[in-house]
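Data first, discussion second: the structure below is written as structure tokens.
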Amino acid sequence: MALAVFFVAAAMAVAGGVGVISFREPIRCVLSLVVVMIALSILFLLLSAQFVFVVQIIVYAGAVMVLFLFVIALLGPARETARGRLRFQPWLSALFALVFLGLLFTMLQGVQYRQPDKADLSVFGTVQSIGVGLFTQYLYPFELTSILLLTAAIGAIYLSRKETDDR
Amino acid sequence: MSTLDIGGSQLDTSWFLLLAAVLFTLGTVGVLVRRNPIVILICIELMLNAVNLTLVAFSRQLQNIEGQLFALMAMTVAAAEAVVGLAILVDIFRVRDVEDVDDLSELKG
């Protein structure tokens with residue numbers, strides 16, 4: 001059962017990824033990325049990461065993708081029609097992709113898998129275990145993340161404000 | 001050694017890692033091939049998602065929660081990056097119409 005779920009989700013993710021890089025209209029690229037994210041959230045659930053699954057659906061497939069859709073709707077549906085300046089760019093990038101994928105595959109062959117520390121899988125990845133980790137050992141990075149989000153919000157407001165004379 | 005027992009089925013950690021590698025490569029190709037700046041941002045999001053899958057897969061393999069915490073941090077950074085990148089794009093589009101990232105090459109040496 002889990003095997004079938006894995007292969008269906010993996011096929012969905014790869015198909016969505018191909019869609020992201022091959023659709024002409026940006027809006028279809030965004031919708032393909034939503035497909036990838038939902039497939040990845042299913043894989044997170046398989047890997048017993050319940051909290052990451054929920055965050056992936058709400059924050060990523062929800063908030064970030066809606067932001068992309070808003071911006072595309074704001075800027076108008078620009079299609080890619082003009083040819084690029086480099087004529088061989090697709091072939092060069094295909095060559096690069098093959099070499100890069102071969103490199104990653106070779107690296108994966110050499111991974112030494114350590115035996116797990118035998119944690120209790122019934123609480124692994126729940127809100128409780130995530131919260132304990134986030135608010136005890138990793139409190140400092142967590143607070144830094146909040147500062148990062150505040151900085152990003154202020155920066156976005158500053159960048160997208162209306163030009164006025166009294167600035 | 002690297003086999004995961006999930007719901008009675010035997011899955012291998014390397015399958016998840018291989019899928020993440022394929023998705024990351026697709027994102028890289030997108031950044032190289034596409035010329036619409038918004039689509040390039042979307043491809044960067046695809047690459048970040050692939051890395052998140054790697055983190056969560058290793059977290060499950062080692063049965064250590066830190067990988068999932070790091071994946072959450074990566075999601076936060078990705079959200080901040082998307083917000084600031086899209087704000088910059090909106091600002092550029094307000095000044096002029098850009099349909100190709102090559103139109104923005106005035107700063108090259």
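Within 10 Å of the Cβ of each residue in A:151-160, the mean number of Cβ atoms contributed by other protein chains is 5. In chain B, the longest principal axis of the Cα atoms and the axis of helix B:37-62 are about 20 degrees apart. When only the Cβ of Lys, Arg, Asp and Glu is charged (+1, +1, -1, -1), the dipole of chain B relative to its Cα centre reaches about 120 debye.
Screening chain A for DSSP H helices whose Cα atoms reach 27 Å or more along their own axis and whose mean Kyte hydropathy is at least 1.0 gives A:2-22, A:26-46, A:89-109, A:139-159. In plain terms, the residue of B:Ser9, A:Ser129 with the fewest other Cβ atoms within 10 Å comes first and the most crowded comes last, giving B:Ser9, A:Ser129. Exposure proxy ranking for A:Ile27, B:Ile44, based on other Cβ atoms within 10 angstrom of each Cβ and starting from the fewest, stands as A:Ile27, B:Ile44.
For region A:111-154 versus region B:1-48, the spacing of their alpha-carbon centroids is 21 Å.
Spatially, region A:1-38 and region B:63-85 are offset by 20 Å when compared through their Cα centroids. Its relative contact order, with pairs defined as Cα atoms under 8 Å and 6+ residues apart, puts chain B at 25 percent. When each of A:Arg87, B:Arg34 is scored by the number of other beta-carbon atoms lying within 10 Å, the sequence from fewest to most is A:Arg87, B:Arg34. Between 0 and 90 degrees, the angle of helix B:66-95 with respect to the longest Cα principal axis of chain B falls at about 10 degrees. Relative contact order of chain A, taken over Cα pairs closer than 8 Å and 6 or more residues apart, is 20 percent.
Between A:Ala153, A:Phe100, A:Ala4, the Cα set farthest toward the positive side of the dipole of chain A (charges on each charged residue's Cβ, about the Cα centre) is that of A:Phe100.
Taking Cα atoms only, the orientation of helix B:13-33 departs from the longest principal axis of chain B by about 10 degrees. Dipole orientation for chain A: of the candidates A:Ile27, A:Leu144, A:Phe70, A:Ile27 has the Cα lying most toward the positive pole (charges on Cβ; Lys, Arg +1; Asp, Glu -1). For the protein assembly as shown, a/c is not less than 1.5, where a ≥ b ≥ c are the root eigenvalues of the C-alpha gyration tensor, and a/b does not top b/c. That puts it in the oblate class. What you get for the protein assembly as shown, charging only the Cβ of Lys and Arg (+1) and of Asp and Glu (-1), is a dipole of about 500 debye around the Cα centre.
Quick note: the coordinates plus some simple rules give every number you see, no bench work behind them. None of the values given here were measured: they were computed from a predicted structure. Ideal geometry is used to build each Cβ from the backbone, glycine not excepted, and the neighbour counts take in all protein chains shown.
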